[in-house]
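What follows draws every value from the coordinates through simple rules; no lab data is involved. Predicted model only: the values in this text are computed from it and were never measured. Counting neighbours? That spans all protein chains shown, and the Cβs are built from the backbone with ideal geometry, glycine included.
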Amino acid sequence: MNLSDIPRNLRDWFEQTPEVLGGKLRVRGTRVSVEQVLELLEAGVAPAAIIKSLPSLDLSSVIAAAAFARVWPSDFSSLVGKITRLV
């Protein structure tokens, strides 16, 4: 997936460069991948606990990651049902 393929309203939350995290999509200004956030949500970790363990994130960025999974379900199909309550 490329950053340019993400809907404009979500694109500002994320960034992607080959030299950071192997080019994985990540929360802008952090080294936290969107996939990492979504895996934590899938595991049932509360957003507040995610923010506490990853202090470079805030609630808005966790919600943006959850929203991303809803608009890009083919890559995160196993996660969508578990996180839709956040967005």
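The conditions are (1) under 16 Å from Ser60 (Cα atoms); (2) not in a loop (DSSP other than H, G, I, E, B), and Glu39 fails exactly one of them. Which is it?
Glu39 satisfies all of (1) under 16 Å from Ser60 (Cα atoms); (2) not in a loop (DSSP other than H, G, I, E, B) except (1).
Does segment 49-59 contain at least one residue that is under 19 Å from Asp12 (Cβ atoms) and basic (Lys, Arg)?
Looking through segment 49-59, none of the residues is under 19 Å from Asp12 (Cβ atoms) and basic (Lys, Arg).
I want to confirm something. Restricting to segment 12-36 and keeping residues that are in a strand (DSSP E or B) and within 9 Å of the chain's Cα centre (by Cα), which single residue is farthest from Leu54 (Cα to Cα)? Please lay out each step first, then the result.
First, the residues of segment 12-36 that are in a strand (DSSP E or B): 14-15, 26-27, 33.
Filter once more, keeping what is within 9 Å of the chain's Cα centre (by Cα): 14, 26-27, 33.
Values: Phe14: 16, Arg26: 13, Val27: 11, Ser33: 11 Å.
Ranking the candidates gives Phe14 first.
Name the residues in segment 3-39 that are touching a residue at least 12 places away in the same chain (Cβ under 8 Å) and among the hydrophobic types (A, V, I, L, M, F, W, C), would you?
If the condition is that a residue be touching a residue at least 12 places away in the same chain (Cβ under 8 Å) and among the hydrophobic types (A, V, I, L, M, F, W, C), then Leu3, Ile6, Leu10, Trp13, Phe14, Leu21, Leu25, Val27, Val32, Val34, Val37, Leu38 are the ones that fit.
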